[in-house]
2 protein chains.
Amino acid sequence: MKTGISVNRVPLARRAARLVPTLPAAEPADVISFGSGHGCPAVFPDLTEAAKAALNKHRPETLQYGPTLGLPGMRAWIARHVMENGARNIGPDNVLVVNGAKNGLGLIGRLLLDEGDAVVVTAPTYFTCIPIFKTFGVSFYEVSQDEQGLVVSELEEILARIRDEGKPLPKLVYNVPDYHNPSGVTMSLERRQGLVRAAEKFGVYVVEDSPYRKVRFEGEPLPLIKAFDASGTVIVLGTVSKLVAPGLRIGWVVATEDLIARLAQLKSDLGTSPLAQRIILEFVTTGGGYARHQKNVRETYRAHRDAMVAALRRELPEVRFTVPQGGYYLWLTLPPRIDADKLAARAFEEKVGIIPGSKFYAGKGPKGLGAPTNNVRLCYSHAEPEEIEEGIKRLARAYRSLG
Amino acid sequence: MKTGISVNRVPLARRAARLVPTLPAAEPADVISFGSGHGCPAVFPDLTEAAKAALNKHRPETLQYGPTLGLPGMRAWIARHVMENGARNIGPDNVLVVNGAKNGLGLIGRLLLDEGDAVVVTAPTYFTCIPIFKTFGVSFYEVSQDEQGLVVSELEEILARIRDEGKPLPKLVYNVPDYHNPSGVTMSLERRQGLVRAAEKFGVYVVEDSPYRKVRFEGEPLPLIKAFDASGTVIVLGTVSKLVAPGLRIGWVVATEDLIARLAQLKSDLGTSPLAQRIILEFVTTGGGYARHQKNVRETYRAHRDAMVAALRRELPEVRFTVPQGGYYLWLTLPPRIDADKLAARAFEEKVGIIPGSKFYAGKGPKGLGAPTNNVRLCYSHAEPEEIEEGIKRLARAYRSLG
């Protein structure tokens, strides 16, 4: 079925130019995947009892239309969760339940971004945020990261220069402060405070996206960036995808009541599934299943990380990386002569899926100096330890074959 | 928590002006609701077995991220469903699974509508579509309805006039052809064919939203408008909300492969819940539960309609309405001296919730002559027959009190 008429359809072509694929194509079954940040099927919890309660005891609620903002109990649980992570003065009215954190990011885009606007992202940044922002026709400013996370002094220089040149300031700074995707870096306390101060000074929003926060293997958790926000400049995105499972598509936005009310107006899908919300609520509040599950998640993914780190050190000792204290990813720096795009193509022939670093840059890289060509993101969450062993051997074969 | 900074935030204020509430506020428990089109809790099916299978046998699929376009089995089932309803040459590649039909309408807006564009709606129209379209900054052309549905000759006159005046044509015509919300009218076969021809002639899309199609009490179903579309001008919106239950938030868009691919790019939420999709698939394809459920839905809502019709004829014989052959709603025409907004306010004091007809007009009414002030929409789906009896008595009291 092809469209035969085109009289009135100019915008399609214009919009199409902005659009780029949001996810790598599905990989064949015999490929070991270190690509997308999928959960390990072995740690998915048994939600049967939670679903039974949701579908029977709560049937008039779970099978009906729900409130646009989310179930009151879900919003209260999320508010407590965010408070337990260091934020202050957050209540249910600061919470909008959404269809996964990415739905929240899309709504933030619809509310705040107009064609021609700009946003700030780290270099590298979470690759799925790039096409989402692009659908709004925005441009990017890229700011460097170091082992302390987003370099706030560089951000301030960029913002001051834009202001001094009389150009419109970017609308928001998007960042993943905990176990950054893809770099694995956790932003320091001082940088978190500094980022809020800079955002307030220039009047830009901070979008704090922290899906991996609870997937912590070592060390003490730092407060959310939101913890340092007294003016409402920080918008938090969260998800149960890494706390329970991605398949329920439950996430949240935490922001000022004013912003939440506006975002809810744009969330015109008649609310996130009350059934999915109630299954989550039953699971996280009934019995000890949630505590056991979180422990299982941490232990499983720590073992995955350790397996990947050990295999890399053995098979590819010339590759550098920082061992992340949590999250799903290793960010490899290859010798400069290795082109990561070529390596990814060769690795795929060896039946291992990796994502070259180039996908994680929204533009020309930090300071416009060009995006590095010798990084690779490896996801250790999805594959089992034996597959990780085998996958790194395949990756090493691909690497050696590049000479 | 109030936002203290405003330097860079002009768009918020501009967008806020466009936004109006999408749903009536929740009603207190002692109010009998003839307002929102909610399902009757007594007909919600038992999905426990479907959920058990989805959460166990299919766990690696249902708790993982799913495909952006939807589960292949769900897309195939939807394609078959649309074909069984008269459409031709529809396959899974013509289907995008969305978070309820309204999510689909929002995506269509994002793809097709720019600020300053126009859309065509019937007068009256489904009231939730009005704020959704308004978030895109569009204006409305209203076209009349009669007992055959949307008046295609009037639509053609409107489009010809716009073209002759050299103004931009509207991007789409939005219509609910089966048991129209709020009017209850079903569009005739000739009008369906005529609407497609007019849309093709002028190069505008038709958005065919038909949630109530299967809630049929009498008569034979007519083919979808899509059945007469060979050029790809008709975009179908569907939902399981009325087939199974609203709480799963599963809907679909059926369109050309090209449009589906573009809409999927804008659906940046990493896909509709594979768990909710699998629960539906299990329910509609396993055992006889789905067939029994559909029969139960039809019989229950027919009894609700009959109870409301009988009560109205007894309590309010001066009110006129057409008995709908399906769907959820009665559209009352009151004597012209009665102001329906005042009646709704008085009815609420009598503890019965109704929606005045004024909410269903996107503008000044058909031919710009002013929206009628003496209509009311009554929803008979949600309340039980005894509540319907009592609610209509309360409504009659409110009516008499207006003198």
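Brief remarks follow.
- Filter result (buried (at least 17 other Cβ atoms within 10 Å of the Cβ) and assigned to a helix (DSSP H, G or I)) within the range A:299-340: A:THR300, A:TYR301, A:ARG302, A:HIS304, A:ARG305, A:ALA307, A:MET308, A:VAL309, A:ALA311, A:LEU312, A:GLU315, A:ALA340
- Answer residue from the range B:143-196, given it is outside any loop (DSSP other than H, G, I, E, B) and among the β-branched types (Val, Ile, Thr) and is surrounded by the fewest Cβ atoms within 10 Å (Cβ to Cβ) among those: B:ILE162
- Where A:ARG75 falls short, out of the listed (1) away from chain B (no Cβ under 11 Å); (2) under 30 Å from A:PHE360 (Cβ atoms): (2)
- Close pairs from the range A:331-354: first over 13 Å from A:THR373 (Cα atoms) and of a type in the set (Gly, Ala, Ser), partner at pLDDT 95 or above and surrounded by fewer than 17 Cβ atoms within 10 Å (Cβ to Cβ), Cβ under 9 Å, at least 6 apart: A:ALA347/A:ARG397
- Count of the range B:59-71 residues, restricted to those that are outside any helix (DSSP H, G or I) and either more than 19 Å from B:ALA245 (Cβ to Cβ) or of a type in the set (A, V, I, L, M, F, W, C) (or both), is 8.
- Unique residue being more than 22 Å from B:THR125 (Cβ to Cβ) and among the hydroxyl-bearing types (Ser, Thr, Tyr) when the list is B:TYR290, B:TYR328: B:TYR290
- Any hit, the range A:255-276, residues being more than 8 Å from chain B (Cβ to nearest Cβ), at negative phi and within 15 Å of the chain's Cα centre (by Cα): no
- Contacts under 6 angstrom Cβ, first residue in the range B:45-61 being facing chain A (nearest Cβ under 7 Å), partner buried (at least 19 other Cβ atoms within 10 Å of the Cβ) and in a loop (DSSP other than H, G, I, E, B), 6 or more apart: B:LEU55/A:LEU47; B:ARG59/A:PHE44
- Take the conditions (1) more than 19 Å from A:HIS81 (Cα to Cα); (2) surrounded by 22 or more Cβ atoms within 10 Å (Cβ to Cβ); (3) at the interface with chain B (Cβ under 9 Å from one of its Cβ atoms); A:ALA245 misses just one of them, which is (1).
- Pairing each residue of the range A:129-142 that is in a helix (DSSP H, G or I) with any residue that is of a type in the set (Lys, Arg) and surrounded by fewer than 21 Cβ atoms within 10 Å (Cβ to Cβ), provided the two are 6+ apart or on different chains, yields C-beta distances under 6 Å for A:LYS134/A:ARG18.
- Residue match in the range B:44-54 (condition: buried (at least 18 other Cβ atoms within 10 Å of the Cβ), more than 16 Å from A:TYR65 (Cα to Cα) and in contact with a strand residue (DSSP E or B) (Cβ under 6 Å, 6 or more places away or on another chain)): no
- Only one of the numbered conditions (1) hydroxyl-bearing (Ser, Thr, Tyr); (2) surrounded by 21 or more Cβ atoms within 10 Å (Cβ to Cβ); (3) farther than 13 Å from A:GLY327 by Cβ; (4) in contact with an Asp or Glu (Cβ under 7 Å, 6 or more places away or on another chain) is not met by A:SER231, and that is (2).
- Filtered by the rule that a residue be touching a Leu at 6+ places or on another chain (Cβ under 9 Å), assigned to a loop (DSSP other than H, G, I, E, B) and buried (at least 20 other Cβ atoms within 10 Å of the Cβ), the range B:72-91 gives B:ASN85, B:ALA87.
The values are calculated or read from the model by the stated rules, or taken from the named source; none is laboratory data. Since this is a predicted model, take the numbers as computed values, not measurements. Methodologically, a virtual Cβ is constructed for each residue, glycine included, from the backbone with ideal geometry; neighbour enumeration extends over all protein chains shown.
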